[in-house]
Amino acid sequence: MSETHFGYQTVEESAKAKRVRGVFDSVAPKYDLMNDLMSLGLHRAWKAYTVAVANLREGDKVLDIAGGTGDLARAFARRVGAGGMVVHSDINEAMLREGRDRLVDEGLVLPTLICDAETLPFRSDVFDLVSVAFGLRNMTHKDRALREMNRVLRPGGRLLVLEFSKVAAPLAKVYDWYSFNVLPRIGQWVAGDRDSYRYLAESIRVHPGQAELKSMMKSAGFGHVDVHNLSAGVVALHVGIKC
Ligand SMILES: C[S@@+](CC[C@H](N)C(=O)[O-])C[C@H]1O[C@@H](n2cnc3c(N)ncnc32)[C@H](O)[C@@H]1O
């Protein structure tokens, strides 16, 4: 039986998805508030940058994977217009429900789909753009998921991976202190859940850094990959082109 990371713990591969589901079932109701508090609102700027880089046109077809409460799907839907399509997807029903309710409250009804990024239920060569924001880190077989994302993109289509990454060395100590002391406490006070936010900090540390993820994307079939460091590498946007 193969093993993998769940934060700093080593678990059997078959157990990871269940543990990840537990985390997101627990955090779903307070997810948006916690995102604002933990990042001091910065996640909005990171996502706005991602939407700008996406540079969508009217009529484009987009798949947002691990879409959660729908920040990217909402912004994309406004850009592709009525002639386009944005599929809002996630493996977790609780997160997807929060997102769908929020989108409907804002007058947006999108195709909403529960699916695992590692086995996407779409034909090949369909989408102009695939996005995954803060989701790849939680997947058991990231290589498999990246290959699936490549498969469903049309030739010339782009994958946008927005994810925590390796912070610049001078900031590492203060970032570690914040992640392991402040984040779990905010998690406890606001969401009554310290462990999920400790998992967040740990999962960031064991996730591949900028160069490693770039090489994984190339191995998954992306002919060209650009890396954009944001906030001194706290987060990176990887843009892969299916050539
Ligand atoms: C931190 S949330 C990100 C939500 C949203 N994209 C955002 O940026 O706010 C991570 C999401 O990844 C989803 N996820 C984890 N593993 C997944 C998988 N194998 N396939 C699809 N989604 C997955 C979780 O259910 C969760 O909703």
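Brief remarks follow.
- Compared with the dominant Cα axis of the chain, that is its longest principal axis, helix 142-152 is turned about 20°.
- Vicinal HN-Hα couplings computed from phi for the stretch 111-118 (Karplus, 6.51 cos²θ - 1.76 cosθ + 1.60; Hz; Gly/Pro x): x, 10, 9, 7, 7, 8, 4, 7
- Compactness relative to 2.2 N^0.38 Å, alpha carbon Rg of the chain: 0.96
- Simple spin-label estimate for D125 and Q188 gives 5.5 nm between the two label positions (7 Å along the Cα-to-Cβ direction from each Cα).
- Estimated inter-spin distance, R144 and D176, nm [label 7 Å along Cα→Cβ]: 3.3
- Alpha carbon convex hull of the stretch 115-243, projected area averaged over orientations, nm²: 8.2
- Only helices enter the 222 nm calculation for the chain: every DSSP H run of n ≥ 4 contributes -39,500 (n - 2.57), and dividing by all residues gives -12500 deg cm²/dmol, rounded to 500.
- Gyration tensor (alpha-carbon) shape descriptor, the stretch 45-171, a/c threshold 1.5: rounded
- Counting neighbouring Cβ atoms within 10 Å and putting the fewest first, the residues T112, T50 line up as T112, T50.
- For the stretch 57-124, the gyration tensor built on C-alpha atoms gives an oblate shape. Its axis ratio a/c (a ≥ b ≥ c) is at least 1.5, and a/b is not larger than b/c.
- The chain: relative contact order in percent, alpha carbon pairs under 8 Å with at least 6 residues between: 20
- Bridge type composition, the stretch 1-156 - antiparallel percent by DSSP, nearest 5: 25
- Packing rank of 61-73, 33-45, 199-211, 84-96, where each peptide gets the mean count of other beta carbons within 10 Å, highest leading: 61-73, 84-96, 199-211, 33-45
Read-outs: derived from the displayed coordinates by stated rules, not from any lab. Small disclaimer: the values here were computed from a predicted structure and weren't measured. Note that we place each Cβ from the backbone using ideal geometry, even for glycine, and neighbour counts take in every protein chain shown.
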